[in-house]
Amino acid sequence: MSEIESAKQETRIFNPPAEFAKNATISGMQAYQALRAEAERDYEGFWARLARENIEWHKPFTTTLNETEAPFYKWFEDGQLNVSYNCLDRNLKNGNAAKTAIIFEADDGKVTKLTYQELHGRVCQFANGLKALGIKKGDRVVIYMPMSIEGVVAMQACARIGATHSVVFGGFSAKSLQERIIDAGAVALITADEQVRGGKQLPLKAIADEAIDMGGCEALKSVIVYKRTGGNVKFVEGRDLWMEDVVANQPDQCEPEWVDAEHPLFILYTSGSTGKPKGVQHSSAGYLLWTMLTMKWTFDLKPNDIFWCTADIGWVTGHSYITYGPLAVGATEIVFEGVPTYPNAGRFWDMIARHKATIFYTAPTAIRSLIKAADADEKVHPKNYDLSSLRLLGSVGEPINPEAWMWYYRNIGRERCPIVDTFWQTETGGHMITPLPGATPLVPGSCTLPLPGIMAAVVDETGQDLPNGQGGILVVKRPWPSMIRTIWGDPERFKKSYFPDEFGNKLYLAGDGAIRNEQTGYFTITGRIDDVLNVSGHRMGTMEIESALVANPLVAEAAVVGKPDETTGESICAFVVLKRSRPTGDEAKQIAKELRDWVGKEIGPIAKPKEIRFGDNLPKTRSGKIMRRLLRVLAKGEEITQDVSTLENPAILDQLKQAQ
Ligand code: PRX
């Protein structure tokens, strides 16, 4: 059944538990509607009120939204603040100094707790260390680190001195890292000797060395290395320093660098529909505001909550719901170094029980793989764990299918906990369309309704609103504070990708399709409408993978498509034409393995195609255009029913039908 069909047929509704609704920050649909109405009545007034109430400003703003250079919108433009000050110092003043900020659990189970006072001291020391190295406001710093307290400290320290960080996920290859260092013009790289995941030690510093040795990173003056394992690493005299030496003797106080509201807090690279990843640039004030509000609204955060977001700081979810949002609202949060399946697939449930987590936020892929694991081994079934501390569950990164939703609801939430299925993107900075746990009746597989102030809509190719029940293109009609500001170094691409001419440069184009339910108006996301894949909640461009494949000397041509996958949501299927004759049998297997490893080196293991099929050619139109929609059908193993008369070489379809 298609996404659209299943969304239309889903009729189960789960109302918020009365007790939850009673105590919720946004309690009941009327409260939600009232906020929406406020935003509709006085859009700027609504955001100005929230920005004044939530952010501690060094210099208050007087203008709320500047649209003169649209779509380069500016929010709270003449205000000044510091994001790290808002996350840390404010908690010291608010009586949270002795409150636990971070409960860190290492891969091997060792737990380290840090209070707000201690975290503040660590961030200040490191910020002072960065300044001593000459790193200053506006400089770019690339962070390539494992999940760690030090990773959060590094990001916060950059924010404190006004340096713009760009975190690169620790699973990316040397080449990906090099490209990001160059594109950002980074002056420093913060990394670790190694990372530890699932009982294995994996190199980081060695990959960083390889990246820098590839050349082009001339702006990079310092490499700071957090000693995680003590593993063997090479040091370059005058460039490389241990993090412990950088902070040694530095005072634990550091006056924050006050920055303008629009100052770029970070750049985060993500995949688009062309080969080159885009450096999504975020602001300081607007971004901070939305991470705070969504912590309060979507997660209904209360002072006693133990909040756990399982994302990695290398992705936007880790930025908004580990490094910034939870700290800015004074939460206690869990930061986990490891993987959900080590030492066994009960790790998440065991950690919830031990740390008494109250809010748990994870990705559908993790849920689906843990369902499989629980089915295969009774011992790691969640029923064996005390999950009574939980009061709210969340899902992020990809569509959650109703079966996985129901399992999560029953087995983890024990039918007590609402599930917030949060739809958002790297570009949006925080949640966009999501249930509010104390207000919204839930429907499995639907992210329900936009948050107050978010003017989401479903339109056709001309930008006209579509009636409910008709699938179309997801857009946002008004700018919002935490939106992407530009693509680093490429404002034209920003405009073209998100505010294209076809929509009069006025509508933000998310890149997803959506449909609204006829009765409720609830949104269901029907998947990407561009050449972007979502594998295990990781976003990847088909062109990026194709470019990596054709860079291999054996490959003449490649086309990559997504294929539905029970566990990972989508998987990568590559159709490849070699420069030599088409391989078969064991030879095909051998070359496929070589190419998979090649892609792993070019981009990172997450981009390795699950399946590679070889052909003498690819299905093309007479003008030479590859017919990807046919390849998608072939990848799924379905029969082609479409018209293939425009194909130059229809016979090729039979050859590509078989998986090797
Ligand atoms: O296709 C949507 C999907 O993930 C894309 C954004 O990916 P990324 O920028 O990596 O950010 C992921 C974390 C926010 C979207 O364009 N997506 C994200 N959340 C959902 C989703 N699809 C359906 N339902 C969701 N809740």
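The values are calculated or read from the model by the stated rules, or taken from the named source; none is laboratory data. Just so it is clear, the structure is predicted and the values come from calculations on it, not from any experiment. Please note: Cβ atoms are built from the backbone with ideal geometry, for glycine as well, and neighbour counts cover all protein chains shown. Only protein heavy atoms, including side chains, enter the accessible area calculation; ligands, DNA and RNA are left aside. Shrake-Rupley method; radii C 1.70, N 1.55, O 1.52, S 1.80 Å.
Summary of values
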quantity	calculated
Verdict on Thr568 being open to solvent by less than 50 Å² (accessible area, probe 1.4 Å) and either without any contact (Cβ under 8 Å) to a residue 24 or more places away in the chain or within 16 Å of the ligand (Cβ to nearest atom) (or both)	yes
Residue satisfying condition, being open to solvent by less than 10 Å² (accessible area, probe 1.4 Å), away from the ligand (no atom under 16 Å from the Cβ), of a type in the set (A, V, I, L, M) and within 27 Å of Gly527 (Cβ to Cβ), within set Ile433, Ile412	Ile412
Filter result for Arg613 (modelled with pLDDT of 95 or more, out of contact with any Lys or Arg (no Cβ under 7 Å at 6 or more places or on another chain) and not assigned by the TED database to the domain that holds Ser176)	yes
Cβ pairs under 7 Å, 6+ apart, first in the range 302-321 and touching a residue at least 12 places away in the same chain (Cβ under 8 Å) and under 17 Å from Ile149 (Cα atoms), second charged (D, E, K, R) and in a helix (DSSP H, G or I)	none
Boolean, Glu502 is part of a helix (DSSP H, G or I) and either within 12 Å of the ligand (Cβ to nearest atom) or over 22 Å from the mean Cα position of the chain (by Cα) (or both)	yes
Residue list for the range 345-361, filter: assigned to a loop (DSSP other than H, G, I, E, B) and open to solvent by 10 Å² or more (accessible area, probe 1.4 Å)	Ala345, Lys356, Thr358
Which listed residue is outside the structural domain of His319 (by the TED database) and of a type in the set (D, E, K, R), from Glu150, Glu69	Glu69
Matching entry among Val142, Val168, Val111, Val187 (being open to solvent by 10 Å² or more (accessible area, probe 1.4 Å), closer than 30 Å to Lys601 by Cα and of a type in the set (Val, Ile, Thr))	Val187
Condition met for Glu333 (in contact with a strand residue (DSSP E or B) (Cβ under 6 Å, 6 or more places away or on another chain), modelled with pLDDT of 95 or more and over 19 Å from Lys200 (Cβ atoms))	yes
Number of the condition not met by Thr526 [criteria: (1) open to solvent by less than 30 Å² (accessible area, probe 1.4 Å); (2) within 9 Å of the ligand (Cβ to nearest atom); (3) among the hydroxyl-bearing types (Ser, Thr, Tyr)]	(1)
Residue that is nearest to Asp139 (Cα to Cα) [pool: residues in the range 190-208 that are open to solvent by 10 Å² or more (accessible area, probe 1.4 Å) and of a type in the set (S, T, N, Q)]	Gln195
Condition check for Ser222: at pLDDT below 95, in the same structural domain as Val167 (by the TED database), within 30 Å of Asp107 (Cα to Cα) and touching a Lys or Arg at 6+ places or on another chain (Cβ under 9 Å)	no
Set Ala556, Ala510, Ala548: member being among the hydrophobic types (A, V, I, L, M, F, W, C) and surrounded by fewer than 20 Cβ atoms within 10 Å (Cβ to Cβ)	Ala556
Residue list for the range 317-344, restricted to those being open to solvent by less than 10 Å² (accessible area, probe 1.4 Å) and closer than 17 Å to His538 by Cα	Gly318, His319, Ser320, Tyr321
Residue list for the range 386-399, restricted to those being under 16 Å from Thr310 (Cα atoms) and within 12 Å of the ligand (Cβ to nearest atom)	Gly394, Ser395, Val396, Gly397, Glu398
Test: residue in the range 540-558 that is closer than 30 Å to Gly286 by Cα and of a type outside the set (Phe, Trp, Tyr)	yes
So Val153, is it of a type in the set (A, V, I, L, M), assigned to a strand (DSSP E or B), touching a Lys or Arg at 6+ places or on another chain (Cβ under 7 Å) and on the phi < 0 side of the Ramachandran plot	no
Test: residue in the range 636-648 that is surrounded by fewer than 18 Cβ atoms within 10 Å (Cβ to Cβ), at pLDDT 90 or above and touching a strand residue (DSSP E or B) at 6+ places or on another chain (Cβ under 8 Å)	yes
